[in-house]
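So the structure is just underneath, and the comments pick up after that.
The values are calculated or read from the model by the stated rules, or taken from the named source; none is laboratory data. This structure is a prediction, so every number in the text was calculated from the model and none was measured. Note that each Cβ is placed from the backbone with ideal geometry, even for glycine, and that neighbours are counted across all protein chains shown. These accessible areas exclude ligands, DNA and RNA; they are computed on the full protein's heavy atoms, side chains included. Shrake-Rupley method; radii C 1.70, N 1.55, O 1.52, S 1.80 Å.
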Amino acid sequence: MITIRTVRPCRPSGLMRLGLVALAASPALGLANEMSFGTTTLNWGGYVKADVLYSRFSEGEVAQGGARDFYLPGATPVSAGGGNSYSVLDAHAKETRLFISAKTPYQGLQIGGHIEFDFIVSQGAGNEVITNAYNPGLRRAFLTIDNWLIGQEWSTFQNLGAIPETLDFVAFPSEGTVFDRQTQLRYSHGNWAVALENPETTVNTAGTVAAKNDSQLPDLVLRYIAPLQGGNVGVAVIARQLSIDDASTGGPDDSETGIGISVSGKLPLGPATDFRFMLNHGEGIGRYIGLGLSADAALDGNNELDAIGITAGYVALRQAWSPKWRSTVTYSMFTADNDVALTTNAVTQRVSSASVNLLYSPVPKITTGVEFRHAEREVESGADGSLDRLQFSAKYVF
């Protein structure tokens, strides 16, 4: 027997709650669709989102896609003062997103799965000349057995409950956040979660950064999130094996330890106000922070890995002006402790950005708004550049 109905996902539990938070930072997700096939229940939903972005890069031109579709802090052009500014208007609907999830009770177990994709993470050969056609890209794909999760999901090092409400695709002040989706084996119990996650080491060799999949041990993450009335506070730690093994071609063969901590949360300051934050610090955690602003490690003259230190974080204040109007103000920063003798002075030393928006939801399932962002990037040589962006968005959640 097939039963179709519409339900409100207002009291999801466990892993489904995390999935809904990741779907949209808006407080009103609207309705989700539910269909039952015998003992199996399917849920599906997503959103349609259109964006118009006017960007001004102070130090040079940026190619279409990527840093013009969303804020990519490592792609802001820099110069020593001789750059020419570049302004451009872009419009796209690539962030549009779909998901389907399922759950089946079986002999006392709760079995489930989730698949999610959008059109911005894997654009393929699409262009804006005629059809604006883009490829769907896998975001999340995992199965669950009670408290166990197996598959591609947001990293356990990340606290989805601290997401600020912004119009940018990343939904974070990008340079200051943990941001990673990857395959993992996770066990959750109450407020605790522990995971073994896919290892990947990014190595800077005399200024050239490459990803090395030579690790023999998974990344180990332990997280605790304490719920608050209307918020949460979380702490996560990560331990990693950083590895490079090019011995078969006469290259370096070495490993190093990476370790980091992330403290984050959402603190209610009143019935219409909340404060969200994240602070990250560690060595050898570059690919987890700021969309890969820094490599995990640099290779020295003895062909040994030297883990790169990073400090990054953000703060965000959200204020609801009325049931339909609200704003979020953010500030974010990133700094890297590079040994320029190994990395060269062309690598990013620090990045910061600030944003403010005004959002309007005429009905619970629709959000429109405008957001302004100013960002600055500086590399170790002292060359710097900035980005100013005005973004307009309209989103329908279904």
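Side notes on the structure shown:
- Considering residues of the range 187-238 that are part of a loop (DSSP other than H, G, I, E, B) and in contact (Cβ under 8 Å) with a residue 60 or more places away in the chain only, the residue surrounded by the fewest Cβ atoms within 10 Å (Cβ to Cβ): ALA206
Residues checked against (1) open to solvent by less than 10 Å² (accessible area, probe 1.4 Å); (2) part of a loop (DSSP other than H, G, I, E, B); (3) in contact (Cβ under 8 Å) with a residue 12 or more places away in the chain:
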| position | (1), (2), (3) |
| --- | --- |
| ASN135 | no, yes, yes |
| ARG139 | yes, no, yes |
| GLN152 | no, no, yes |
| GLY161 | no, no, yes |
| PHE172 | yes, yes, yes |
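- Any hit, the range 183-203, residues being touching a helix residue (DSSP H, G or I) at 6+ places or on another chain (Cβ under 6 Å) and under 26 Å from GLN123 (Cβ atoms): yes
- Those residues of the range 225-263 which are among the small types (Gly, Ala, Ser) and within 24 Å of GLU200 (Cα to Cα), in sequence order: ALA236, ALA239, SER243, ALA247, SER248, GLY250, GLY251, SER255, GLY258, GLY260, SER262
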